[in-house]
Amino acid sequence: MVPIKGLQRTMVKTMEKAHKVPTFGYADEIVMDGLVELRAALKQTAADRGVRLSYMPFIMKAASHALHEYPVLNSHVDDECTVVTHKASHNIALAMDTPSGLLVPNIKDVQAKSVFEIAQELNELQALGSEGRLGAEHLKGGTFTLSNIGVIGGTYMGPILVVPQVMIGALGGVKKMPRYNEQDELVPKMIMEVSWSADHRVLDGVTVAKFSNLWKSYIETPQKLLLDLR
Ligand code: COA
């Protein structure tokens, strides 16, 4: 017999709470060629400044830009579902595989940070996670969650909400796939699937689809991120 305690016990409670929330799923595919190229162009510059640059900082910044337009997705709901509180800070949480198990630290105020600053903080969180040193200050206060299971594999996922948040997205692996271009020719494209789960008590499919379309547009044309830089 293996007792379920500590972090795993917390997970049991969180999952039981989440299980009571009626959710719906929405999925789409993202053409990653633009972001693959942009990251390749910037990776060495970031490395020269001591930071490992993955896709995630761009994907998180894109989420923050889209959340500006759809603030209800960056909110908390109370247990009885009587009040939905839109959160001013985009504290974007990230499911992280650590030696202590699955942890979901967040990067605070993504709306006010550059892609480089987000990458820097993500590197720090990954280092703390691998050393088992993530604390309450890193784990509390998330307002929106992303899970990049694609680092390990897979295409689709049914992510479970991190209550009291109302939205979570899981990213599949970036893979080269055949797609038709506008001339009806088959061409190779780098494709990543996203699977969203949303709290259906406070969100509807149209809002989630519009948010996802806007987020996707920032990833497919990452230059757009520059236009909305603050
Ligand atoms: N598909 C293909 N490659 C990917 C990818 C994806 N979806 N996401 C990242 N990569 C690449 C990165 O660009 C990087 O490439 P490089 O070595 O050429 O620089 C490499 O894979 C490793 O990236 P990593 O630092 O792990 O990626 P990240 O910054 O995007 O993700 C974490 C950080 C914390 C999310 C990730 O390390 C992790 O723990 N993922 C597991 C999530 C999880 O446990 N989910 C469970 C939910 S139940």
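Values in this text are rule-based calculations from the coordinates and carry no lab data. Keep in mind that what you see is a predicted model, and the values were worked out from it rather than measured. Quick reminder, even Gly has a Cβ in these numbers, built from the backbone with ideal geometry, and neighbours come from all protein chains shown.
Results, tabulated for the structure shown:
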quantity: Single residue of the range 100-126 satisfying the filter (surrounded by fewer than 18 Cβ atoms within 10 Å (Cβ to Cβ) and within 11 Å of the ligand (Cβ to nearest atom)) that is nearest to Leu229 (Cα to Cα); calculated: Asn123
quantity: Residue count for the range 135-156, restricted to those that are surrounded by fewer than 20 Cβ atoms within 10 Å (Cβ to Cβ) and either over 22 Å from Arg52 (Cβ atoms) or more than 11 Å from the ligand (Cβ to nearest atom) (or both); calculated: 9
quantity: Extreme residue, farthest from the ligand (Cβ to nearest atom), among residues of the range 164-174 that are in a loop (DSSP other than H, G, I, E, B) and buried (at least 20 other Cβ atoms within 10 Å of the Cβ); calculated: Val166
quantity: Matching residues in the range 118-145 - criterion: being outside any helix (DSSP H, G or I) and under 17 Å from Met11 (Cα atoms); calculated: Gly132, Leu134, Gly135, Lys140, Gly141, Gly142, Thr145
quantity: Filter result (more than 16 Å from Tyr70 (Cβ to Cβ) and either β-branched (Val, Ile, Thr) or part of a strand (DSSP E or B) (or both)) within the range 179-208; calculated: Arg179, Tyr180, Leu186, Val187, Pro188, Lys189, Met190, Ile191, Met192, Glu193, Ser195
quantity: Neighbours by Cβ (under 8 Å, 6+ apart or cross-chain): first from the range 54-71, under 13 Å from Ala88 (Cα atoms); second among the polar types (S, T, N, Q); calculated: Ser64/Gln111; Leu67/Asn74; Leu67/Gln111; His68/Gln111; Tyr70/Thr207
quantity: Output for the range 33-45, where each listed residue is under 17 Å from Leu226 (Cα atoms) and touching a residue at least 12 places away in the same chain (Cβ under 8 Å); calculated: Gly34, Leu35, Val36, Leu38, Arg39
quantity: For Asp109: the one exception among (1) touching a His at 6+ places or on another chain (Cβ under 8 Å); (2) charged (D, E, K, R); (3) closer than 23 Å to His200 by Cα; calculated: (3)
quantity: Subset of the range 72-87 [in contact (Cβ under 8 Å) with a residue 40 or more places away in the chain and either within 17 Å of Ala18 (Cβ to Cβ) or among the aliphatic types (A, V, I, L, M) (or both)]; calculated: Val72, Leu73, Ser75, His76, Val77, Asp78, Asp79, Cys81, Val84
quantity: In the range 201-223, the residues that are of a type in the set (S, T, N, Q) and farther than 30 Å from Cys81 by Cβ; calculated: Ser217, Thr221, Gln223
quantity: His90 vs. criteria crowded, with 20+ Cβ neighbours inside 10 Å and either closer than 25 Å to Val21 by Cα or within 12 Å of the ligand (Cβ to nearest atom) (or both); calculated: yes
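Yes/no per residue for (1) within 14 Å of the chain's Cα centre (by Cα); (2) of a type in the set (D, E, K, R):
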{"site": "Val187", "(1), (2)": "no, no"}
{"site": "Met192", "(1), (2)": "yes, no"}
{"site": "Ser195", "(1), (2)": "yes, no"}
{"site": "Arg201", "(1), (2)": "no, yes"}
{"site": "Thr207", "(1), (2)": "no, no"}
{"site": "Thr221", "(1), (2)": "no, no"}
{"site": "Asp228", "(1), (2)": "no, yes"}
